[in-house]
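The values are calculated or read from the model by the stated rules, or taken from the named source; none is laboratory data. Since the model is a prediction, treat every value here as computed from it, not as a measurement. A quick note on method: Cβ atoms are made from the backbone with ideal geometry, for glycine too, and the neighbour counts reach across all protein chains shown.
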Amino acid sequence: MMLEALTVDIGGHALVLSAARAAFDPVRQTLFIADAHIGKDAVFRARGIPVPEGSTGETLARLDMLISIHRPATIVFLGDLLHARESHALTTLGALAEWRERHAGLRLILVEGNHDRHAGGPPDALALEMVEAPYRFGPWALCHYPQRVTGAYALAGHEHPVYRVATRLDSARLPCFRFGADAGVLPAFGGFTGGFEVNESARGERIFVVAGDRVMAVRT
Amino acid sequence: MSTPADDDDMDNHQDTQPNSDAKRRAPRARRIPRTRAAQAKADAVAELFRPAPIVIDQDVANTPFDARLAAWFERHGWQPFPFQREVWTGILGAASGLLHATTGAGKTWAVWLGALAAYSDKLPSRSLPAPLTVLWITPMRALAADTARALQTAVTELAVPWSIGLRTGDTPSAERARQNKRMPSALVTTPESLTLMLTRANAEDEMKHVRLVVVDEWHELLGNKRGTQTQLALARLAHWRPDLQVWGLSATLGNLDLARDALLAPVKTPRVVVRGAQPKTLIVDTLIPDTIERFPWGGHLGTRQVKPVAAEIEHARSSLVFTNTRSQAEVWYQALLEARPDWAGLIALHHGSLDQEVRAWVELGLKSGQLKAVVCTSSLDLGVDFLPVDRVFQIGSPKGVARLMQRAGRSGHAPGRASRVTIVPTHALELVEAAAARWAVEERRIEGREMPNKPLDVLVQHLVTIAIGGGFKARQLFDEVRTTYAYRDLTQQEFDWALAFVERGGSSLAAYPDYHRVILDAEGVYRVPREDLVRRHRNNVGTIVANATINIAYMTGGRIGAMEESFVSRLKPGDVFTFGGRALELVRVREMTAYVKRATSSRGAMPQWAGSKMPLSSELADATLMMLARAMNGVYDEPEMQAVRPLLELQAKWSALPEPGVLLVELIRSREGHHLFCYPFAGRMAHVGLGSLIGWRVARDQPSTFSISMNDYGFELLSARPFDWETLIQDGLFSPDNLEHDILASLNSSELAARRFREIARVSGLIFQGHPGQQKSARQLQASSGLFYEVFRRHDSGNLLLAQAEEEVMLQELELDRIRAALKSMSGSRLALTRPKKPTPFAFPLIIARLREKVSTEKLSDRVARMLADLEKAARA
């Protein structure tokens, strides 16, 4: 799949919004990933609900694709990297460790999210740097929960924002990026995640939706 | 070590307050009712049913039952009907059967007295009371208490040493615990509660004495998955006891043979069919409005007719006002109160989402004659007779002949009275339907019931139920399940798939690591070893029909009812909505309960309930087309047809009238785009399918998106660009060839299958309803059915539940057979293609319909790009 990306100006700084539901900071060569929820499928299975395997693999494959396109030096996860304790199932951890091995040179940073706390610490094999929110990174304040941070533009996750585009003829519910005056939220990256409609709450903010392989501006 | 909870507290289906752990529950504060209304409500609930202690006069008990029965009839001055004697003979002769008769004809006495005659004398009188001998299954909890009371009356007056029990989702846990210690001789229950009883580890011991199962209102269960659930439970009971007798009570149906076969398939005793008393005089008339609107509104709730209806209610003693949806009931209740403020307290509202206490209070008011009128939905279609009711109103289309007759039958139970139903059209075209309905009632063109064929989600649920309730061996259960009518042609492969699905997730082993719900033990018995899964399953069993619901309660305490989650989720705190006839303000939502307070403003959003749209039956649609054909020939001999005449003549002048043998297609250009209107008269559901199918066939070659709107008469396809419809139709656009393939393909381009998957995901236990007090960690198991649908499609596309979703959409939702029949008749009809300048009276309701489907073959990004461009254009305009 050819993926499009859209470069936008956020508070005077360039940010590349990818149709793979991630953002890239070209100046700092850093990829921002929110709410990957890796191993969510395994949690369901462990608790007696049959969910086929595959969404974790698909999520990691999309991450690979982003790495090959943008060649980042650093990836910052904006929380909820792992879904729950049962995400530490062997199959999931094996896939993660194997992925890490292929990208051994990458610096990985995790801003702790609510799910990460429940899941227990990430496995050592991932060689993750754990940081607390807000984590100052260039002009950004990286967080899990959407919030305002003085003196920086906050980028967060947690919300899984989706935006409903509708005309009389047609309508679609699409993952979106939302950017306010001093804080923005990224769409959930994980393949097995739902969404929360922000049409009401994001009034007056800039909205970019992910429609298949394209990113489109709804309001700029 | 924990066995499946003995203090089985999980009978909490649909809308009661569940408590998963009796020990943890805080003692309930005693509340003294503050108002008279609250006191009345409390009385109504107390009135529900209380098991009576057995006090037997030994002298009386020693006389033979026959003699007691004869004396009883004499004392009341009654005469048994011939059909009642026929049923008694059947039950005494160890037979099973189906008894069909109109409501209020004495069906209950027929089977109940037969059961007492057959079993109360034979039992050793030492062991008082008799063990669980009769199970009485009723589709509605509201009916259960009334039935239990009736059974109790007979038992007391006839000096039978039997105890009567009631077990539904409303039964308090103390009462359930008492039953668990010792089951009553006869138990009145619902399909869900019966299934829950099957999940008890000692289910076989508890139920092996059951000699007779009575399934009340079988016609209500037959056509849905609760009926399938009932069939499976009956197969279980018949497996334990080959001499089990089963008796079904049913209203008259078009396909009684199917009703009998579906009920009695697993039963090994001989069968009879008994025909009960036939309907008495039935009057169908119409409240014809003074002026006929030129443009019939769809979705418009026709409250213009409120004043005439109020005038009619005024003259009647007590009236039932039936609506087709719960929203419509709310609207009409409000409107009637506004028209007659002095009726506050004299009229009431009754629908399935209101709390049990409220409903019980309303029913009591109807029985005692204190209520002047009750606005209701199908929630009052069934049940005991309200003697004071002498008028029934049907707001809007009656939708079906059987349904109209059922509703009409709720009136006129006083001696010497006829049943009378008055149709209140909400738009002009319903006048035609009203005339057609009267004709169809006179001709007794009654619909049959279709039933689900081997639904795998119910089977999956049943496997877990039985694995919990004592476990099963695969071979035995396969044979047992196949004795039911619904699964008579279940293949070994399908069964194996369902078993694999609960055992390890699916047939492909690799796809579901670490997953086990049901486990095979060393003796070859499948069991559920984990207590958390047992609990979750029991919670789910009750939700087989309900959509995900959220309780509505006051901040100050006091539950009002339940509403669909999808509606509540669209509300923000501070929003006002109307529910139960009151304006309420949402304060907050916490753990499956929406807390509200009285709103200061009087009007708010009307709640929407899903699945409340019912299609016009083929029988009524055909009758409607026939009426239109008569109009075409200038015959307007019914009063309704005379009233609607100007409108039909306008339709004929601007375009043409739809009639049998002619397919009318109208093409209109508007600011919104290019419209095609087509009127096959196949019912709303089939029109959804026809619309998607036609749209998809066109869009297959030229990527495009259609918005589809539909009603019972026809459908509209709206597109951004024009098409050469005449050529497309000549080239076989309406051909019935490749129908299944094309429909399946069109499903993938629409959202229908994904939506249908909601119910399947719930029944098969993928998603479960949360309940108060559940552990927070359950939040990590939140995923929508849509998400499941996507994940299955992407990573396990062979999953049979997906196939089931598609099949259910095709057969039930879209009514494939009707689509096929419609396409045949469309391609065999003469095409009348018109290009009216303005929307015609038939097109207008379609154009303004808010509920729309879509079918698209365009890339998502292209669709979004076009939508954004349209929005941009609109913003600049």
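Assorted remarks:
- Conditions (1) buried (at least 16 other Cβ atoms within 10 Å of the Cβ); (2) in contact (Cβ under 8 Å) with a residue 24 or more places away in the chain; (3) within 11 Å of chain A (Cβ to nearest Cβ): number failed by B:Ala805: (3)
- Within segment B:128-160, the residues that satisfy the criterion of being surrounded by fewer than 24 Cβ atoms within 10 Å (Cβ to Cβ), over 17 Å from B:Phe73 (Cβ atoms) and modelled with pLDDT of 90 or more are B:Leu132, B:Thr133, B:Gln152.
- Subset of segment B:453-473 (residues that are surrounded by fewer than 17 Cβ atoms within 10 Å (Cβ to Cβ) and either in contact with a Lys or Arg (Cβ under 6 Å, 6 or more places away or on another chain) or farther than 23 Å from B:Arg762 by Cα (or both)): B:Lys473
- Residue within segment B:239-253 that is at pLDDT below 90, part of a helix (DSSP H, G or I) and surrounded by fewer than 24 Cβ atoms within 10 Å (Cβ to Cβ) present: no
Residue-by-condition table, conditions (1) surrounded by 24 or more Cβ atoms within 10 Å (Cβ to Cβ); (2) in contact with a strand residue (DSSP E or B) (Cβ under 9 Å, 6 or more places away or on another chain); (3) more than 24 Å from B:Glu430 (Cα to Cα):
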| residue | (1), (2), (3) |
| --- | --- |
| B:Glu312 | no, yes, no |
| B:Asn324 | no, yes, no |
| B:Gln334 | no, yes, no |
| B:Glu338 | no, no, yes |
| B:Leu354 | yes, yes, yes |
| B:Glu357 | no, yes, yes |
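- Some residue of segment B:496-517 being away from every other protein chain (no Cβ under 12 Å), closer than 16 Å to B:Ser764 by Cα, surrounded by fewer than 21 Cβ atoms within 10 Å (Cβ to Cβ) and at pLDDT 90 or above: yes
- Qualifying position, being closer than 17 Å to B:Ser750 by Cα, within 32 Å of the chain's Cα centre (by Cα) and assigned by TED's automatic domain parsing to the domain that holds B:Arg866, among B:Gly695, B:Gly683, B:Gly714: B:Gly695
- Flag if A:Val215 is under 30 Å from B:Leu718 (Cβ atoms) and under 16 Å from the mean Cα position of the chain (by Cα): yes
- Condition met for A:Ala61 (in contact (Cβ under 8 Å) with a residue 24 or more places away in the chain and either part of a helix (DSSP H, G or I) or touching a helix residue (DSSP H, G or I) at 6+ places or on another chain (Cβ under 7 Å) (or both)): no
- Applying the criterion of being of a type in the set (Val, Ile, Thr) and within 20 Å of the chain's Cα centre (by Cα) to the residues of segment A:148-165, the residue that is nearest to the other protein chains (Cβ to nearest Cβ) is A:Val162.
- Only a single item in (1) at pLDDT below 90; (2) closer than 16 Å to B:Pro836 by Cβ; (3) of a type outside the set (Val, Ile, Thr); (4) part of a loop (DSSP other than H, G, I, E, B) is not met by B:Leu647, and it is number (4).
- Residue match in segment B:809-821 (condition: part of a helix (DSSP H, G or I), out of contact with any helix residue (DSSP H, G or I) (no Cβ under 6 Å at 6 or more places or on another chain), more than 14 Å from every other protein chain (Cβ to nearest Cβ) and free of Cβ contacts under 8 Å to residues at least 60 places away in the same chain): yes
- Residue within segment A:166-173 that is under 16 Å from the mean Cα position of the chain (by Cα) and either surrounded by fewer than 23 Cβ atoms within 10 Å (Cβ to Cβ) or charged (D, E, K, R) (or both) present: no
- Residue in segment A:185-193 that is part of a loop (DSSP other than H, G, I, E, B), polar (S, T, N, Q) and in contact with a Lys or Arg (Cβ under 8 Å, 6 or more places away or on another chain) present: yes
- Enumeration of residues in segment B:866-877 that are assigned to a helix (DSSP H, G or I) and surrounded by fewer than 16 Cβ atoms within 10 Å (Cβ to Cβ): B:Ala869, B:Leu871, B:Glu872, B:Lys873, B:Ala874, B:Ala875, B:Arg876
- Residue selected from segment B:837-860 under the condition touching a strand residue (DSSP E or B) at 6+ places or on another chain (Cβ under 6 Å) and surrounded by fewer than 20 Cβ atoms within 10 Å (Cβ to Cβ), by the criterion nearest to the other protein chains (Cβ to nearest Cβ): B:Leu860
- Checked against (1) over 16 Å from the mean Cα position of the chain (by Cα); (2) away from chain B (no Cβ under 14 Å), A:Pro187 meets all criteria but (1).
- Across segment A:190-209, the number of residues qualifying as within 12 Å of chain B (Cβ to nearest Cβ), in contact (Cβ under 8 Å) with a residue 24 or more places away in the chain and within 29 Å of A:Gly151 (Cα to Cα) comes to 6.
- Scanning segment A:20-55 for residues that are in a loop (DSSP other than H, G, I, E, B) and either at pLDDT 85 or above or more than 10 Å from chain B (Cβ to nearest Cβ) (or both) yields a count of 11.
- Those residues of segment B:655-712 which are more than 14 Å from chain A (Cβ to nearest Cβ), assigned to a loop (DSSP other than H, G, I, E, B) and of a type in the set (D, E, K, R), in sequence order: B:Asp712
- For segment B:211-219, the criterion of a residue being touching a Lys or Arg at 6+ places or on another chain (Cβ under 6 Å) and assigned to a loop (DSSP other than H, G, I, E, B) is satisfied by no position.
- Pairs with Cβ under 8 Å, 6+ apart, first in segment A:86-113 and away from chain B (no Cβ under 14 Å) and among the charged types (D, E, K, R), second surrounded by 14 or more Cβ atoms within 10 Å (Cβ to Cβ) and assigned to a loop (DSSP other than H, G, I, E, B): A:Glu112/A:Gly79; A:Glu112/A:Ala133; A:Glu112/A:His144
- Here B:Pro722 fulfils each of the conditions (1) modelled with pLDDT under 75; (2) in a loop (DSSP other than H, G, I, E, B) apart from (1).
- Being polar (S, T, N, Q) and assigned to a loop (DSSP other than H, G, I, E, B) is a condition met by at least one residue of segment A:162-178.
- Checking each residue in segment A:20-53 for being more than 19 Å from A:Tyr153 (Cα to Cα), surrounded by fewer than 23 Cβ atoms within 10 Å (Cβ to Cβ) and in contact (Cβ under 8 Å) with a residue 60 or more places away in the chain picks out no residue at all.
- Residue among B:Arg488, B:Arg449 that is of a type in the set (Lys, Arg), in a loop (DSSP other than H, G, I, E, B) and modelled with pLDDT under 90: B:Arg449
- Answer from B:Leu463, B:Leu429 - the residue that is of a type outside the set (S, T, N, Q) and assigned by TED's automatic domain parsing to the domain that holds B:Pro308: B:Leu429
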